[in-house]
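Below: one structure, written as structure tokens.
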Amino acid sequence: MYNWFFVLLFRSSKSQLKSSAPWGVIGSFGIEECYDTNNPKRGVALIINQVNFSSMEKREGSNKDRDDMSSVLQRIGFDVRVFDDCNRKQLLSGLQEIANEDHTKNDCLVIVVMTHGKENNLLYASDKSYEVNRLWEPFIGGACPSLIGKPKLFFVQACRGKKLDQGVQLVRMSVDSIDVQSSPESMRYVIPTMADLLVMYSTYDGHYSWRNTSKGSWFIQSLCIELEASAHCRELLHILTAVARRVAYQYQSNVPDSAKLDAKKQMPCTVSMLTKLLYFTPKK
């Protein structure tokens with residue numbers, strides 16, 4: 001026989017909750033639905049731009065992505081920093097230095113990575129590869145106490161394999177259509193180590209990610225356009241859905257001399273562990 005128990009958060013000793021569900025329940029009383037963006041600062045936004053490599057092809061067009069993304073993030077209010085062509089040691093130590101800073105007065109953290117990548121979630125610095133999770137390990141859980149409970153957003157422009165997306169035709173059909181209250185009492189609770197993390201990849205696992213050598217990458221350019229248009233008025237996941245839609249519907253490769261590469265598509269992929277809504281409300 002199993003003895004089920006329930007973990008409850010009470011506003012007072014008189015609060016009670018009965019349930020027959022066979023799992024632990026934690027009440028969400030007093031937890032806001034939106035992240036707090038009323039801090040004095042928006043936060044740090046790091047752009048990792050890898051153009052030149054010791055043994056890989058130069059990433060032409062990445063500097064345009066860097067400049068456009070930097071401009072957009074600055075207008076949203078971020079403290080933008082740029083790492084250009086770092087080797088692995090420089091990159092990982094730079095991430096740790098940012099993690100060691102005090103982010104208490106910041107709303108969130110943003111890291112944008114533009115580099116080569118391949119299968120098994122490997123990204124490249126100028127000299128060596130590293131696993132993608134090395135990007136956020138310095139910032140999650142107790143590794144960076146001043147960012148606990150704050151959104152940590154990672155955007156990765158890189159190939160994740162060599163597969164090409166041939167796309168599929170969409171046939172459109174027309175159809176008929178008809179027109180807990182807050183408490184002054186402080187509350188302490190435990191959140192998962194990976195909570196409040198979002199990673200958006202330019203493409204899904206195993207697939208190629210497209211970049212124009214003069215106009216920049218499909219993904220980063222779409223992200224810039226949608227953030228510029230909606231950062232202050234739409235919730236983040238709505239914005240990222242618009243980014244995915246723009247890449248999916250408005251871009252297609254044009255390589256007429258290569259049947260293998262011509263007329264191919266790309267689908268961004270978002271992994272969200274955010275626990276609240278995120279709005280980049282304008283700073284006063």
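Rule-based calculations on the coordinates, nothing more; no lab input. Everything numeric here is computed off the predicted structure, so don't read it as measured data. Glycine gets a Cβ as well: all are built from the backbone with ideal geometry, and neighbour counts include every protein chain shown.
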Förster-model FRET efficiency, 25 Å R0, residue 131 and residue 270, C-beta, rounded to 0.05
0.85
If packing is taken as the mean number of other Cβ atoms within 10 Å per residue, what is the order of 146-158, 250-262, highest first?
146-158, 250-262
Proximal lysines relative to residue 264, as straight alpha-carbon distance under 28 Å, when same-chain residues fewer than 8 apart are discounted:
58, 64, 118, 162, 163, 215
Ranked highest first by average number of other Cβ atoms within 10 Å, how do 61-73, 215-227 line up?
215-227, 61-73
Which translational diffusion coefficient, to the nearest whole µm²/s, is obtained for the range 202-275 from the Stokes-Einstein equation, given a Kirkwood hydrodynamic radius over C-alpha pairs, 10 °C and 1.306 mPa s?
120 µm²/s
Given Cα pairs under 8 Å that are at least 6 residues apart, what percent is the relative contact order of the range 20-131?
38 percent
Anchor residue 41: lysines whose Cα lies under 20 Å away (excluding residues fewer than 8 positions away in-chain):
105, 150, 152, 276, 283, 284
Sorting check: for 82-89, 163-170, 205-212, which peptide has the highest mean count of neighbouring beta carbons within 10 Å, and how do the rest follow?
205-212, 82-89, 163-170
Could you tell me how far the Cα centroid of the range 229-284 sits from the Cα centroid of the range 68-128, in Å?
19 Å
